[in-house]
Amino acid sequence: MLRSLCCLFLLFSLSCWSNTSELVAFFKANKNQDFEAAREITENLYDPVIKDHLRLLLELVSQKSVDPTILVEMRSEENNVLTFVKHLISGYQRHYAVKPNNLEAFKHFSEALKLSYELAQEEYTKAALMGILELFAAEIFIGSKQFEPYLDQFSALKSDGADEVLVLTYQLIFLSKAGEDVKNVDAQYYEFYNQLDSLFLGFPKEHALYHKYYFEKGIYHKIEGNFDKAEDFFLKADSLAFKKEHLLGTRSKIAWQLAAVHMLKGDLMNAHRYLSLSRQISGTLRDQFYNDRLASVIYQKEGKADSAYHYLRKSVDVEYALGYKNNTLESSILSVQNQTDKLKLDKLELESESRANRNFALALGLLLLFGSVITVLAYKNTKRKRLLADQAVRLEKQKMTNLLKEQELATIDAMVAGQEKERKRVANELHDDLGSLMAAVKLNFNALESATQPTNQEAFAKTESLIDEAYSKIRAIAHAKNSGLIAKQGLLVAVQEMAEKMAIANEISISVWDHGLYTRLENSMELSLFRVVQELLANIINHAAATEVNIHITNHGETLNILVEDNGRGFNAKEIGASAGMGLKSIDKRITALNGDLNIESEQGKGTVVIIDIPI
């Protein structure tokens, strides 16, 4: 049962992750106006409800037309992703309606923006911000800077070239007042235009946003009064838009701009022709307003006052129907914000009435809490002091123990040095005194032998043999006393014999390898190094629980290298410091006395390597 639940949970998690990644890809394709890719992503979704709503959203954004029979209802039990998509649909339905209700559209896009923060997906946030920015871009008069916070948010989320294009395009639209007053343009307009121009140098010609680029270049040259270039770029934009059905609304704008350009050039016949084309492919009240207002100006230039007044009157009627004179969206947003502020003030007054009652209870609670905290802290402080005192006593005992061990080690070193000194003294006396005496006895004996009768030759030969044997033994004793085991056999042989004995006694494999050790070292150095290796092997046997030990002794000419490695339990080499035992301290002291270096490399469960370098 538990396994089945885990499997279901895993499948659910994978499904959610897959849906999220596909939705992100959908909104990215939609932002880039790659509607074919967005449609393909939609058809591959597993969730039929999400799929149906994304189809509807895609139809709205691409065609910019609304089916009034399709209504979207919000349900509280739905998940945030579906609710987010529904708010986008509702916003675009109200924006693209024949008579737009941009305030309601703004409310839905704002709710979608809030949900995008909860869903923590940047492409969702961009989709909601684009809806809000489209509302502001559709206003005829941009009388305030209410669009700026939303444009700043979108700019902060820029992640690709398409985002850069959209930010710059919105800036150009807002700064040029949606193309209404081409002579009164903010100086920043030219800066943003140059940025857009530079940006598209790196875009492929088939990029889906190229028609926007050509359209903005047409607007720029129209503002500059270069009407022939403006016409060229508007025609380029129309040639790209003509190939795509979803850009019919864009073609209506292009036709209107071409009519305006020809009117400014004085070519009123072509102005009427393009205006007629704009009327044929436009379908919103906003488009009707622009067409009627431009028709009025064209007829005025032709001297046809009646027709000019007729279309001016029609445009004014549409303007009032849309509420553009009052900046419907901006003023409505301000009205909503004022109502919200009033509700906030009322709420603050109610809160202030109850705050006084809460303050007393809060102060009393804080006083009790403060007293409790002081009591707890005092108890913990007393306990901490007691622990510190106990720790100080333990440290003092440890210091005393280490001092005694160090003194014991110094005593042992002194005793060994004394023994070596005594051996040398006895050896010198045997060699110098008794050896010389035996040499004199032999000389005298030889003289006596030459003066003696031949009949006593056998006795003299036997006596001479005994004298030679005694002399040889005295020399051997002198050499032995002078050097001990190390001097007699050398460091390598002594280490090999010690390793063999320790291996047998402790059932451990110890291998000794030598490299370039052809000559003997100074006797005291060999003795110290022998003690170091002996101490290392003792540590391995007592603490490492190793089964294999390798000892490498290498003569590099100017330095002697000793490497001892084991496969034991290892330890944390960084924690040696003051906690090192007497064995390691003894080794370190001996190496330091020889002006050498000691390095220890070890990890838990991976054995230990000790590397010693001694100058020779």
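Only Cα sites of the stretch 184-270 enter the Debye sum here, all with the same form factor; the resulting log10 I(q)/I(0) across q = 0.10, 0.24 1/Å is -0.25, -1.21, listed in q order.
Please give the length that would be gained between A363 and N80 if that part of the chain were fully extended, namely 0.36 nm times their separation in residues minus their C-alpha to C-alpha distance (nm, one decimal). List each step's numbers first, then the result.
On the way: separation 283, 0.36 × 283 = 101.88 nm, distance 4.07 nm.
So the chain would gain 97.8 nm between A363 and N80.
Largest first, what is the accessible-area ranking of Y320, Y193 with a 1.4 Å probe? List each step's numbers first, then the result.
Numbers: Y320 150, Y193 10 Å².
Sorted by accessible area, descending: Y320, Y193.
Could you tell me what fraction of 2.2 N^0.38 Å the Cα radius of gyration of the stretch 236-281 comes to, as a two-decimal ratio?
Numbers: Rg = 10.5 Å, N = 46, 2.2 N^0.38 = 9.4 Å.
Compactness ratio reported: 1.12.
Once the chain from N595 to Q398 is taken as fully extended at 0.36 nm per residue, the excess over their C-alpha distance is 68.1 nm.
How big is the C-alpha Rg of the stretch 193-331 next to the rule-of-thumb value 2.2 N^0.38 Å, as a ratio? Numbers along the way, then the final one.
Working: Rg = 16.1 Å, N = 139, 2.2 N^0.38 = 14.3 Å.
Cα-based Rg divided by the globular estimate yields 1.12.
At full extension, I281 and A305 could sit 6.0 nm farther apart than now, given 0.36 nm per residue minus the alpha carbon distance. For the stretch 16-134, the orientation-averaged shadow of the C-alpha convex hull comes to 6.8 nm² (one quarter of the hull surface).
Quick check for you: with a 1.4 Å probe and neighbouring chains kept, what is the accessible area per residue of the stretch 19-137, in Å²?
Values: 5310 Å² over 119 residues.
Accessible area per residue: 45 Å².
Taking every alpha-carbon pair in the stretch 514-616 and binning the separations at 5 Å intervals from zero gives 2, 12, 24, 26, 19, 11, 6, 1 percent. For the stretch 494-547 versus the stretch 70-118, the inter-centroid distance based on Cα atoms is 83 Å.
Within 10 Å, count the other beta carbons around each residue, average over each peptide in 593-602, 88-97, 510-519, and list them highest first. Could you put the intermediate results ahead of the total?
Details: 593-602: 15.6, 88-97: 23.0, 510-519: 13.3.
Descending mean neighbour count gives 88-97, 593-602, 510-519.
Averaging the sequence gap over all C-alpha pairs within less than 8 Å and six or more residues apart, then dividing by the number of residues, gives the stretch 125-277 a relative contact order of 14 percent.
The values are calculated or read from the model by the stated rules, or taken from the named source; none is laboratory data. This structure is a prediction, so every number in the text was calculated from the model and none was measured. Positions of Cβ are generated from backbone atoms using ideal geometry, with glycine treated the same way; all protein chains shown enter the neighbour counts. Each accessible area value is taken on the protein alone, full model and side chains, heavy atoms only, with ligands, DNA and RNA left out. Shrake-Rupley method; radii C 1.70, N 1.55, O 1.52, S 1.80 Å.
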